[in-house]
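Asker: Have a look at this one before I ask anything.
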Amino acid sequence: MNTEIDDCIIVGAGPAGLTAAIYLARYYLSIRMFDCGTSRASWIPTSHNHAGFPDGINGEELLDRMREQAAKYGAMREPRRVTDLKHDGKAFTVYCGDDEHRARTVLLATGVVNNRPEGIDERMHDEALARGLLRYCPVCDGYEVTDRRVAVIGTGDHGTAEAQFLRTYTRDVTLISPEGDHDLSDECSSVLDDAGIVRLAGPCGEFAIEGDRIAFRTADGRKAYDSAYPALGSVIRSELAVSCGAKVSEEGCIEVDDHLETDVPGLFAAGDVVVGLDQISHAMGQAGVAATAIRNLLTEIEPLRR
Ligand SMILES: Cc1cc2nc3c(=O)[nH]c(=O)nc-3n(C[C@H](O)[C@H](O)[C@H](O)COP(=O)(O)OP(=O)(O)OC[C@H]3O[C@@H](n4cnc5c(N)ncnc54)[C@H](O)[C@@H]3O)c2cc1C
């Protein structure tokens, strides 16, 4: 076990973790940042809604720039998976397999992972994503499908909400159930009818890229679309918060106060893993607030002076 105690350990080096690292390092705090390397931002072919980049920016390039900025102040990303987290009332123990690290505070910036459609192989998935044939975030890139032919793979309240959101951008929206028949309440059906959103039963399968379209099988035969949005939910990576006793929502998102602190004192969270809008700007804003709250908490314990 490492006997030194850090001021803060950040888990996750996506936009939230990296922003926090830049702030905390510039507050002259001793930090470490563990990351197992699957930021959702690395999936972004080009983001057009991230302010400051009028021609858009690739997600990996944005992460590179943030890593470079953090490294400039001594905050290095360590490529390790954190496997457990404990709090003994005074400090935290962060486990990376058999290694243990102690910290006065911890920031969880572990994000979420989108569920993919079944039966699409990884290579095709990544190519479709890179070409905008598969998309996961209407808030991010609905604008890019303006007047295009769009499929939403999903059903129920979530599928309906996503299809309805995309109807802002195009008249040609089809909601396709991932498995058998749709599971839609009367309210959902009436919302979809009112918006002119077509429904098709599943199962979806036999995905293929055909020219500039993504095609797949439905109960109504093979169909091709300019873009398909899986609306299949996501895995919220909040297990470390749970293992430490912090409160999470019904969906599994970490619950925090206005300063991004959980109900475990000294345990903070920011970004997609927290209840709220899953966007880079939000992740960065939350990380700035959390990092400053961490700094203020530590200075109450012992004044931070040069
Ligand atoms: C296809 C796509 C396009 C998008 N486009 C946009 C866009 O245009 N604009 C926009 O604002 N947003 C966009 N988003 C959303 C954006 O990517 C996320 O909101 C953002 O990445 C959230 O940042 P985060 O730091 O909270 O989480 P993430 O970026 O997901 O980073 C979390 C990090 O935590 C690490 N981690 C998790 N668990 C552990 C562990 N136990 N130990 C160590 N490390 C761990 C992961 O490896 C990962 O690197 C898009 C998302 C997708 C999927």
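Asker: How big is the Rg/Rh ratio for the chain, C-alpha atoms only, Rh by Kirkwood, two decimals?
Answerer: Rg divided by Rh gives 1.03.
Asker: For LYS247, which aspartates and glutamates qualify as cross-link partners when the Cα separation must be under 13 Å and same-chain residues fewer than eight apart are set aside?
Answerer: GLU239, GLU255, ASP257, GLU261, ASP263
Asker: I'd like the Kirkwood hydrodynamic radius of the range 83-190, using the inverse of the mean 1/r over distinct C-alpha pairs, in Å.
Answerer: Across the range 83-190, the inverse of the average 1/r is 17.3 Å.
Asker: Please list, ordered by chain and number, the residues whose modelled amide H lies under 5 Å from the amide H of SER30; skip anything fewer than 5 residues away on the same chain.
Answerer: When sequence neighbours closer than 5 places are left aside, the close amide H contacts are ASP7, CYS8.
Asker: In addition: State the volume of the convex hull built on the alpha-carbon positions of the range 145-192, expressed per residue in Å³ and rounded to an integer.
Answerer: It is 62 Å³ per residue.
Asker: Would you pull out the residues with amide H under 5 Å of THR218's amide H, same chain only if 5 or more places away, H placed 1.01 Å from N?
Answerer: LYS223
Asker: Using the Cα centre of the chain as the reference point, and only Cβ charges (+1 on K/R, -1 on D/E), how large is the resulting charge dipole? Debye, rounded to the nearest 20.
Answerer: Approximately 1000 debye in magnitude.
Asker: Work out how far the C-alpha atoms of the range 261-306 reach from end to end along every principal axis, then list the three figures in whole Å, largest first.
Answerer: Principal extents (Cα only, largest first): 36, 24, 8 Å.
Asker: Only Cα pairs within less than 10 Å get springs; with that Gaussian network setup on the chain, which residue of ALA130, ALA291, ALA231 has the largest fluctuation?
Answerer: Largest GNM mean-square fluctuation: ALA130.
Asker: Moving to a separate point now. Compute, for the range 36-175, the length of the dipole vector about the Cα centre, with Cβ point charges of +1 (Lys, Arg) and -1 (Asp, Glu) only. Units Debye, rounded to 20.
Answerer: Dipole magnitude for the range 36-175 comes out near 380 debye.
Asker: From largest to smallest, what semi-axes in whole angstrom does the range 77-123 give when each is the square root of 5 times an eigenvalue of its alpha carbon gyration tensor?
Answerer: Three semi-axes, in Å: 31, 12, 10.
Asker: Pull out a ≥ b ≥ c, the square roots of the eigenvalues of the alpha-carbon gyration tensor of the range 153-221, then state rounded if a/c is under 1.5, prolate if not and a/b is larger than b/c, and oblate in the remaining case.
Answerer: Taking the square roots of the gyration eigenvalues as a ≥ b ≥ c, the range 153-221 is oblate.
Asker: Quick one: what do you get for the range 167-306 if you divide its Cα Rg by 2.2 N^0.38 Å?
Answerer: It is 1.53.
Asker: Taking the highest mean first, how do the peptides 239-246, 67-74, 173-180, 50-57 order by number of other beta carbon atoms within 10 angstrom per residue?
Answerer: Packing proxy ranking, top to bottom: 173-180, 239-246, 67-74, 50-57.
Asker: Would you calculate the volume per residue, in Å³, of the smallest convex hull containing every Cα atom of the range 30-99?
Answerer: Convex hull of Cα atoms, per residue: 128 Å³.
Asker: Order 5-13, 131-139, 159-167, 107-115 from most to least packed using the mean count of other Cβ atoms within 10 Å.
Answerer: 5-13, 107-115, 159-167, 131-139
Asker: Something else now. Can you work out D for the range 9-150 in µm² s⁻¹ from Stokes-Einstein, where Rh is the Kirkwood radius over C-alpha pairs, the temperature is 4 °C and the viscosity is 1.567 mPa s?
Answerer: In µm²/s, the coefficient rounds to 76.
Asker: I've got another one for you. Calculate how many DSSP beta bridges within the chain are antiparallel, expressed in % of all such bridges and rounded to the nearest 5.
Answerer: Taking every DSSP beta bridge within the chain, about 45 percent pair in antiparallel fashion.
Asker: Sort by residue number and report every cysteine in the chain with no other cysteine beta carbon within a distance under 4.7 Å.
Answerer: By the Cβ distance rule, which asks for a partner under 4.7 Å, the isolated cysteines are CYS8, CYS36, CYS96, CYS188, CYS204, CYS244, CYS253.
Asker: If ligands, DNA and RNA are left out, what is the accessible area of GLU251 with a 1.4 Å probe, given in Å² to the nearest 10?
Answerer: Estimated to the nearest 10 Å², GLU251 gives 130 Å².
Asker: Any idea what the relative contact order of the range 1-86 is, in percent, if you count C-alpha pairs under 8 Å spaced at least 6 apart?
Answerer: Relative contact order here is 33 percent.
The values are calculated or read from the model by the stated rules, or taken from the named source; none is laboratory data. The shown structure was predicted, so the numbers you read here are calculated from the model rather than taken from an experiment. A quick note on method: Cβ atoms are made from the backbone with ideal geometry, for glycine too, and the neighbour counts reach across all protein chains shown. For accessibility, only protein heavy atoms count, side chains too; no ligands or nucleic acids. Shrake-Rupley method; radii C 1.70, N 1.55, O 1.52, S 1.80 Å.
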